[in-house]
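K.L.:
Dropping the structure in here first, questions after.
The values are calculated or read from the model by the stated rules, or taken from the named source; none is laboratory data. Predicted, not measured: the structure shown is a model, and the values here were computed from it. As a convention, Cβ positions derive from the backbone with ideal geometry for all residues, glycine included, and neighbour counts pool all protein chains shown. The accessibility values were calculated without ligands, DNA or RNA, using every heavy atom of the protein model including side chains. Shrake-Rupley method; radii C 1.70, N 1.55, O 1.52, S 1.80 Å.
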Amino acid sequence: MSHTDIDATHRPPRANADPAPAFTYSGDELDAMAAAVRYYGWIADRFAPHLGARIVEAGAGVGTFSARLRERAPGAELTLIEPAANNFPHLQARFAADPRARAVHGYLDETLEPASADTIVAVNVLEHVGDDGAFLRAAHRVLAPGGKLLLFVPALPAIFGTLDEAFEHVRRYTRGSLTGALGRAGFRPECVVYTNLPGVAAWWLTGKVLRKRTIDPGAARFYDRWVIPWVAALERRWSPPLGQSLFAVAVRPNDSASTAA
């Protein structure tokens with residue numbers, strides 16, 4: 001994860017090979033959502049049809065979502081990138097026994113070679129990045145032509161509140177703002193849709209009305225157990241006009257197609 005002032009998933013390339021500077025993620029988001037088994041499984045199921053053989057997860061945290069990626073793509077090569085010094089040891093230990101997984105302490109643009117990935121995944125990461133355009137351009141460079149960027153980001157600036165501040169979010173997106181950012185970075189958006197309509201009211205009440213700065217674990221477990229399953233079932237058949245989050249799939253076009261365009 002990253003935070004509002006230090007761009008923890010993307011930095012400008014450095015001229016030397018010094019290790020990434022120490023960065024500590026201080027938000028409560030990872031702890032608050034640690035038990036959201038169905039929530040992360042639901043996101044992973046939506047990503048599953050788009051996963052390639054060489055998957056990079058940017059901002060992998062302590063590996064909570066990475067484990068779901070491994071379940072959906074058991075034969076894929078996983079590169080798990082995490083810049084936060086307090087998160088990385090947990091991520092590294094979690095995947096130490098997986099011969100096809102590699103944990104990397106650093107930033108997306110300075111740890112991977114161009115065109116070295118088929119899929120880049122970023123779940124609740126882009127909203128932390130100060131310069132999201134730079135992150136998207138780095139993702140474009142790392143993806144091979146035809147590769148896919150899979151994003152899950154918070155939506156609707158109108159519900160930005162104390163929870164966003166506590167979780168060190170820089171912004172929330174609209175479908176238009178995310179589509180535009182992807183296009184400017186050279187991607188061809190395939191799918192940018194709102195998701196989790198009931199979450200709009202829950203987030204607004206918690207962060208705008210009650211002005212809480214963390215998610216109650218009991219409330220998170222309740223929502224994960226009783227709301228997420230029927231929301232997931234409904235949204236397999238219907239895309240809501242608004243939602244707490246946005247799910248996006250974007251393609252790096254083939255070089256010939258980009259030139260022709």
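K.L.:
Which number do you get for Rg(Cα) / (2.2 N^0.38 Å) in the range 106-261?
P.N.:
It is 1.12.
K.L.:
May I pose another question? Could you check how much of the accessible area of the range 29-182 is carbon and sulfur, as a whole percent, using a 1.4 Å probe?
P.N.:
54 percent
K.L.:
To continue, here is another question. What ranking do 95-102, 221-228, 116-123 get when scored by the average of other Cβ atoms within 10 Å per residue, highest first?
P.N.:
Ranking the peptides 95-102, 221-228, 116-123 by packing returns 116-123, 221-228, 95-102.
K.L.:
At 20 °C and 1.002 mPa s, grab the translational diffusion coefficient of the range 69-187 from Stokes-Einstein with a Kirkwood Rh over Cα pairs, rounded to a whole number in µm² per second.
P.N.:
In µm²/s, the coefficient rounds to 138.
K.L.:
Suppose a student asked you for the relative contact order of the range 195-261, using Cα pairs under 8 Å spaced at least 6 residues apart; what percent would you report?
P.N.:
62 percent
K.L.:
May I pose another question? Quantify how much of the Cα-Cα distance distribution of the range 198-260 extends past 18 Å, in percent.
P.N.:
54 percent
K.L.:
Shifting gears a bit: Determine the equivalent ellipsoid of the range 44-131 by diagonalising the alpha-carbon gyration tensor, then write out the semi-axes as square roots of 5 times the eigenvalues, largest first, rounded to whole Å.
P.N.:
Ellipsoid semi-axes (Å, largest first): 18, 15, 13.
K.L.:
Let me ask something else about it. Determine by what factor the alpha-carbon radius of gyration of the range 101-160 differs from 2.2 N^0.38 Å, reporting the quotient.
P.N.:
Normalised Rg, Cα atoms only: 1.21.
K.L.:
Now for a different question. Over all Cα pairs of the range 164-226, how is the pair count split among 10 Å bins, expressed in % and running from 0 up to the last occupied bin?
P.N.:
17, 39, 29, 15, 0
K.L.:
Moving on to the next point. Please report the net charge: other residues with Cβ closer than 15 Å to the Cβ of G41, K and R +1, D and E -1.
P.N.:
Spelling it out: positives minus negatives among the neighbours equals +4.
K.L.:
Tell me the net charge near A101. Cut-off is 15 Å between Cβ atoms, A101 excluded, with +1 for each Lys or Arg and -1 for each Asp or Glu.
P.N.:
Here the charged neighbours net out to +2.
K.L.:
Further question on the same structure: Counting Lys and Arg as +1 and Asp and Glu as -1, each charge on the Cβ, what is the dipole of the range 54-175 about the Cα centre in debye, to the nearest 20?
P.N.:
For this selection, approximately 420 debye.
K.L.:
Note down the relative contact order for the range 68-206 as a percent, whole number, built from C-alpha pairs under 8 angstrom at least six residues apart.
P.N.:
Reported relative contact order: 19 percent.
K.L.:
Quick one: accessible surface of V170, probe radius 1.4 Å, all protein chains present, in square angstrom to the nearest 10.
P.N.:
For V170, solvent-accessible area is about 60 Å².
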